[in-house]
Amino acid sequence: MKKVVVAKRDHVNWDATFVSVKDVSSGGLADETIGFMDRDHEFEPSDLVGDLYVPVDLFRDLSAGFVYNDLALYPFFQEIRQIIEQGTSRKGVFRLRRMFVDSVSDDRITGDLVVLKGLFGEAKHIHVKRSRAGKTPVHVIVTVDYGEGTMAHLDYTFHAEDRVEVEWSGIGTIVEFSSEESAPVTPLKNTRLPLSFSIESVLEHALEIDDAFVQEMDMFQRALEGGQVK
(Lines give C-alpha, C1' and ligand atoms only; values in the text may rest on other atoms or scores of the structure.)
Protein backbone atom coordinates (compact mmCIF):
# COMPACT_ATOMS: atom_id res chain seq x y z
CA MET A 1 0.00 0.00 0.00
CA LYS A 2 1.32 3.43 -0.94
CA LYS A 3 1.85 5.93 1.89
CA VAL A 4 1.29 9.69 1.69
CA VAL A 5 2.44 12.05 4.47
CA VAL A 6 0.60 15.37 4.79
CA ALA A 7 2.62 18.10 6.54
CA LYS A 8 3.79 21.66 6.17
CA ARG A 9 6.88 21.56 4.01
CA ASP A 10 9.01 23.65 6.38
CA HIS A 11 8.02 21.42 9.32
CA VAL A 12 9.93 18.49 7.82
CA ASN A 13 13.63 18.03 8.53
CA TRP A 14 14.70 16.97 5.08
CA ASP A 15 18.32 16.51 6.18
CA ALA A 16 17.17 13.80 8.62
CA THR A 17 14.87 12.15 6.06
CA PHE A 18 16.54 9.33 4.16
CA VAL A 19 13.60 7.49 2.58
CA SER A 20 12.71 8.31 -1.00
CA VAL A 21 9.98 10.96 -0.98
CA LYS A 22 8.03 12.42 -3.91
CA ASP A 23 5.78 15.48 -3.92
CA VAL A 24 2.38 14.22 -5.08
CA SER A 25 0.69 17.60 -5.45
CA SER A 26 0.97 17.34 -9.22
CA GLY A 27 1.70 13.73 -9.99
CA GLY A 28 1.39 10.04 -9.21
CA LEU A 29 3.33 7.91 -6.78
CA ALA A 30 5.59 4.95 -7.43
CA ASP A 31 5.17 1.92 -5.19
CA GLU A 32 8.65 2.24 -3.74
CA THR A 33 8.30 5.93 -2.91
CA ILE A 34 6.70 7.73 0.04
CA GLY A 35 4.36 10.50 -1.09
CA PHE A 36 4.42 13.98 0.40
CA MET A 37 1.64 16.56 0.27
CA ASP A 38 2.13 20.07 1.64
CA ARG A 39 -0.87 20.74 3.87
CA ASP A 40 -0.89 24.33 2.63
CA HIS A 41 -1.72 22.96 -0.82
CA GLU A 42 -5.46 22.70 -1.42
CA PHE A 43 -6.52 19.08 -1.85
CA GLU A 44 -9.23 16.60 -1.00
CA PRO A 45 -8.22 13.45 0.94
CA SER A 46 -10.19 11.40 -1.58
CA ASP A 47 -7.84 12.68 -4.31
CA LEU A 48 -4.86 10.90 -2.72
CA VAL A 49 -4.37 7.18 -3.23
CA GLY A 50 -2.94 5.08 -0.40
CA ASP A 51 -2.62 5.32 3.37
CA LEU A 52 -2.72 8.95 4.49
CA TYR A 53 -0.68 10.21 7.45
CA VAL A 54 -2.12 13.53 8.64
CA PRO A 55 -1.50 15.96 11.52
CA VAL A 56 -3.73 15.44 14.53
CA ASP A 57 -5.82 18.54 13.80
CA LEU A 58 -6.83 17.09 10.42
CA PHE A 59 -7.81 13.59 11.52
CA ARG A 60 -11.55 14.34 11.57
CA ASP A 61 -11.40 14.84 7.81
CA LEU A 62 -10.61 11.15 7.37
CA SER A 63 -12.62 7.99 7.94
CA ALA A 64 -9.46 5.87 7.84
CA GLY A 65 -5.72 6.35 7.78
CA PHE A 66 -3.11 7.41 10.33
CA VAL A 67 -2.61 10.48 12.51
CA TYR A 68 0.54 11.93 14.03
CA ASN A 69 1.17 14.51 16.73
CA ASP A 70 4.22 16.68 16.07
CA LEU A 71 5.14 16.78 19.78
CA ALA A 72 5.77 13.02 19.78
CA LEU A 73 8.00 13.35 16.69
CA TYR A 74 10.45 15.97 17.94
CA PRO A 75 13.83 14.42 18.88
CA PHE A 76 14.04 16.50 22.08
CA PHE A 77 10.69 15.13 23.28
CA GLN A 78 11.76 11.57 22.50
CA GLU A 79 14.89 12.12 24.60
CA ILE A 80 12.90 13.56 27.51
CA ARG A 81 10.42 10.69 27.24
CA GLN A 82 13.26 8.20 27.43
CA ILE A 83 14.68 9.90 30.54
CA ILE A 84 11.27 9.75 32.25
CA GLU A 85 10.67 6.13 31.27
CA GLN A 86 14.11 5.06 32.49
CA GLY A 87 13.73 6.88 35.81
CA THR A 88 13.10 5.08 39.08
CA SER A 89 9.74 6.83 39.50
CA ARG A 90 7.15 8.67 37.42
CA LYS A 91 6.36 10.98 40.34
CA GLY A 92 6.91 14.59 39.40
CA VAL A 93 5.55 17.53 37.44
CA PHE A 94 5.61 17.69 33.66
CA ARG A 95 5.34 21.24 32.30
CA LEU A 96 4.62 21.99 28.67
CA ARG A 97 4.25 25.39 27.06
CA ARG A 98 3.22 25.50 23.42
CA MET A 99 2.72 28.53 21.23
CA PHE A 100 1.07 28.19 17.81
CA VAL A 101 0.97 30.60 14.91
CA ASP A 102 -2.04 28.58 13.67
CA SER A 103 -5.67 29.16 14.63
CA VAL A 104 -7.20 27.67 17.78
CA SER A 105 -7.57 23.90 17.68
CA ASP A 106 -8.65 21.75 20.62
CA ASP A 107 -7.48 18.72 18.65
CA ARG A 108 -3.90 19.94 19.06
CA ILE A 109 -4.43 19.87 22.83
CA THR A 110 -6.27 16.54 22.94
CA GLY A 111 -3.54 15.10 20.72
CA ASP A 112 -0.96 16.10 23.36
CA LEU A 113 -3.11 14.48 26.05
CA VAL A 114 -3.10 11.23 24.08
CA VAL A 115 0.71 11.38 23.86
CA LEU A 116 1.05 12.05 27.59
CA LYS A 117 -1.37 9.24 28.42
CA GLY A 118 1.08 6.89 26.75
CA LEU A 119 3.78 8.25 29.06
CA PHE A 120 1.97 8.73 32.39
CA GLY A 121 -1.13 6.56 32.12
CA GLU A 122 -4.80 7.38 32.63
CA ALA A 123 -5.69 10.90 33.78
CA LYS A 124 -7.57 10.98 37.07
CA HIS A 125 -8.67 14.60 36.77
CA ILE A 126 -8.37 17.36 34.18
CA HIS A 127 -8.92 21.05 34.94
CA VAL A 128 -9.13 23.61 32.13
CA LYS A 129 -8.98 27.40 32.14
CA ARG A 130 -9.51 29.48 29.00
CA SER A 131 -9.06 33.15 28.22
CA ARG A 132 -12.23 35.17 27.73
CA ALA A 133 -14.05 34.78 24.43
CA GLY A 134 -12.96 37.33 21.85
CA LYS A 135 -9.62 37.98 23.52
CA THR A 136 -6.49 37.66 21.36
CA PRO A 137 -4.21 35.81 21.66
CA VAL A 138 -6.16 32.82 22.94
CA HIS A 139 -4.81 31.08 26.05
CA VAL A 140 -5.73 27.63 27.33
CA ILE A 141 -4.27 26.14 30.52
CA VAL A 142 -4.76 22.44 31.25
CA THR A 143 -3.81 20.81 34.55
CA VAL A 144 -3.80 17.01 34.61
CA ASP A 145 -3.61 14.82 37.73
CA TYR A 146 -2.43 11.32 36.89
CA GLY A 147 -2.43 10.21 40.51
CA GLU A 148 0.43 8.67 42.49
CA GLY A 149 2.19 12.04 42.66
CA THR A 150 2.33 12.73 38.91
CA MET A 151 0.99 16.00 37.51
CA ALA A 152 1.12 17.83 34.17
CA HIS A 153 0.70 21.56 33.58
CA LEU A 154 0.03 22.42 29.93
CA ASP A 155 -0.01 26.04 28.76
CA TYR A 156 -1.18 26.87 25.21
CA THR A 157 -1.17 30.15 23.32
CA PHE A 158 -2.67 30.46 19.83
CA HIS A 159 -2.05 33.20 17.24
CA ALA A 160 1.42 33.94 18.51
CA GLU A 161 4.44 32.02 17.19
CA ASP A 162 5.60 28.42 16.95
CA ARG A 163 7.45 27.58 20.14
CA VAL A 164 7.75 24.70 22.60
CA GLU A 165 9.10 24.59 26.16
CA VAL A 166 9.23 21.38 28.19
CA GLU A 167 10.30 20.73 31.76
CA TRP A 168 10.22 17.55 33.81
CA SER A 169 10.78 17.86 37.56
CA GLY A 170 10.99 14.32 38.88
CA ILE A 171 12.64 12.65 41.84
CA GLY A 172 16.31 13.50 41.49
CA THR A 173 15.84 14.56 37.87
CA ILE A 174 15.19 17.95 36.27
CA VAL A 175 15.13 18.23 32.48
CA GLU A 176 14.42 21.43 30.55
CA PHE A 177 14.11 22.29 26.87
CA SER A 178 13.24 25.48 24.99
CA SER A 179 12.95 25.52 21.21
CA GLU A 180 13.75 29.22 21.15
CA GLU A 181 17.06 28.76 22.95
CA SER A 182 17.96 25.73 20.82
CA ALA A 183 17.10 27.26 17.43
CA PRO A 184 20.07 27.73 15.06
CA VAL A 185 20.89 31.18 13.72
CA THR A 186 20.48 29.99 10.14
CA PRO A 187 18.19 26.94 9.80
CA LEU A 188 19.41 24.36 7.33
CA LYS A 189 17.44 24.32 4.09
CA ASN A 190 14.85 26.69 5.57
CA THR A 191 13.61 24.19 8.16
CA ARG A 192 12.25 25.20 11.56
CA LEU A 193 14.91 23.33 13.53
CA PRO A 194 14.49 22.14 16.21
CA LEU A 195 10.69 22.16 15.64
CA SER A 196 10.91 19.80 12.71
CA PHE A 197 10.74 16.06 12.20
CA SER A 198 11.70 13.42 9.66
CA ILE A 199 9.30 11.53 7.42
CA GLU A 200 10.54 8.30 9.03
CA SER A 201 9.45 9.60 12.44
CA VAL A 202 5.94 10.22 11.13
CA LEU A 203 5.69 6.67 9.80
CA GLU A 204 7.07 5.21 13.04
CA HIS A 205 4.97 7.09 15.59
CA ALA A 206 1.67 7.69 13.80
CA LEU A 207 -1.47 6.10 15.26
CA GLU A 208 -4.21 4.42 13.27
CA ILE A 209 -7.50 6.31 13.07
CA ASP A 210 -9.70 3.58 14.51
CA ASP A 211 -12.69 3.59 16.86
CA ALA A 212 -10.47 3.45 19.96
CA PHE A 213 -8.44 6.50 18.88
CA VAL A 214 -11.56 8.54 18.00
CA GLN A 215 -13.19 7.65 21.32
CA GLU A 216 -10.05 8.69 23.19
CA MET A 217 -9.90 12.04 21.39
CA ASP A 218 -13.61 12.60 22.05
CA MET A 219 -13.14 11.75 25.74
CA PHE A 220 -10.41 14.36 26.12
CA GLN A 221 -12.49 16.86 24.13
CA ARG A 222 -15.32 16.45 26.64
CA ALA A 223 -12.82 17.02 29.44
CA LEU A 224 -11.67 20.26 27.79
CA GLU A 225 -15.30 21.33 27.65
CA GLY A 226 -15.72 20.74 31.38
CA GLY A 227 -16.98 17.16 31.33
CA GLN A 228 -15.71 14.06 33.06
CA VAL A 229 -12.40 12.44 32.10
CA LYS A 230 -14.04 9.03 31.78
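The values are calculated or read from the model by the stated rules, or taken from the named source; none is laboratory data. Just so you know, these numbers come straight off a predicted model, no measurement behind them. Backbone-built Cβ (ideal geometry, glycine too); neighbour counts: all protein chains shown.
Worth pointing out:
- In segment 29-68, residue farthest from Q215 (Cα to Cα) [restricted to those that are modelled with pLDDT under 90 and of a type in the set (V, I, T)]: T33
- Test: residue in segment 7-22 that is touching a strand residue (DSSP E or B) at 6+ places or on another chain (Cβ under 6 Å), at pLDDT 90 or above, under 20 Å from L195 (Cα atoms) and in a helix (DSSP H, G or I): yes
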